[in-house]
Amino acid sequence: MYLTNDTNKISDPRLLTKQLHIQILDDLRKALSELKETKVENPGVLKMRIRNWLFLYEEGEPVVDIILDKGYSLADVEACKVPRQAETALTFDECTEIHKYLLTTNALDPFADDVNIRVGSPGSEPTLHDLEDFEASVGDMLTVETWQKVAGRSKYTMVLNEICDNKGFKVIVLVEGAHRFEVPLEDIKVAFALPFHPSSKSVKVAKDAARHKARNGAFKKSK
């Protein structure tokens, strides 16, 4: 049950919990499924999925970033296409239709009215969430943050070497030189694939370039 008193709704990303993140992602995906069952204005909406959502500060303002794409086909994953190479082109009208519909649902009820809501594409620094996101990014440089510390740390910027099973749970294996870290998929708070630059494979160049990600379809939440 979501809180009805706006003074108790969250407006600070630091208040986000793993349970609430999962709940809201599930509600957002259900809302998009419901939209697809109606007569949509833009046929492209029928191919959309909500990859993930982020809660962050941008220029001092709290922002909920709802990230859309057109998903992956099995062929994309088998061809080891990274998320930014899969078909993710969105139009402004598609983003607008989804954004307007989400605001009519209760999926965003946990957030205070001063939180900005944006709907857009993954950009040049795509966020990863589902298993297929990570499968399509093996071999790429990732930046990963976990809900709790794993092996004494909660932040990593390393190459995704492989994905394996550990007692029935999926685990991503991050490597840096001789160092190897196994991070359970369910423990990941947020993960990004850093852009690849043929002229340089250095982490610094990838990090610098990632700061200039391209975003489409930014909107402010209606009062």
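The values are calculated or read from the model by the stated rules, or taken from the named source; none is laboratory data. Fair warning: this is a prediction, and the values are worked out from it, not measured in the lab. Cβ placement follows ideal geometry from the backbone for every residue including glycine, while neighbour counts extend to all protein chains displayed. To get the accessible areas, we keep the full protein, side chains included, count just its heavy atoms, and leave off ligands, DNA and RNA. Shrake-Rupley method; radii C 1.70, N 1.55, O 1.52, S 1.80 Å.
What does the charge add up to near residue 161, with Lys and Arg as +1, Asp and Glu as -1, over the other residues with Cβ less than 11 Å from its Cβ? Once positives and negatives cancel, what remains is -3.
Listed cross-link partners 100/189; 39/100; 18/70; 36/100 are compared with a 21 Å cut-off, the Cα-Cα value being larger for 100/189; 18/70. Among 61, 41, 145, the order of accessible area from largest down is 41, 61, 145, computed with a 1.4 Å probe on protein heavy atoms. Taking θ as phi - 60° and the Karplus parameters 6.51, -1.76 and 1.60, the scalar couplings of the stretch 118-123 work out to 10, 10, x, 8, x, x Hz in sequence order, x denoting glycine and proline. Taking all protein chains together and rolling a 1.4 Å probe, residue 21 ends up with roughly 10 Å² accessible. Against the criterion of solvent-accessible heavy-atom surface with a 1.4 angstrom probe, 94, 176 sort, most first, into 176, 94. The residues 57, 156, sorted by heavy-atom accessible surface at 1.4 Å with ligands and nucleic acids left out, run 57, 156 from largest to smallest.
A cut-off of 5 Å between modelled amide H atoms, ignoring neighbours fewer than 5 places along the same chain, links residue 189 with 145, 146, 147. The HN-Hα couplings worked out from phi for the stretch 164-174 by the Karplus form 6.51 cos²θ - 1.76 cosθ + 1.60 (θ = phi - 60°) are 9, 9, 9, 6, x, 10, 6, 10, 8, 10, 9 Hz, whole numbers, x standing for Gly and Pro.
If you add up the charges near residue 186, with Lys and Arg at +1 and Asp and Glu at -1, over every other residue whose beta carbon is less than 9 angstrom from its beta carbon, what do you get? Result for the local shell: +1.
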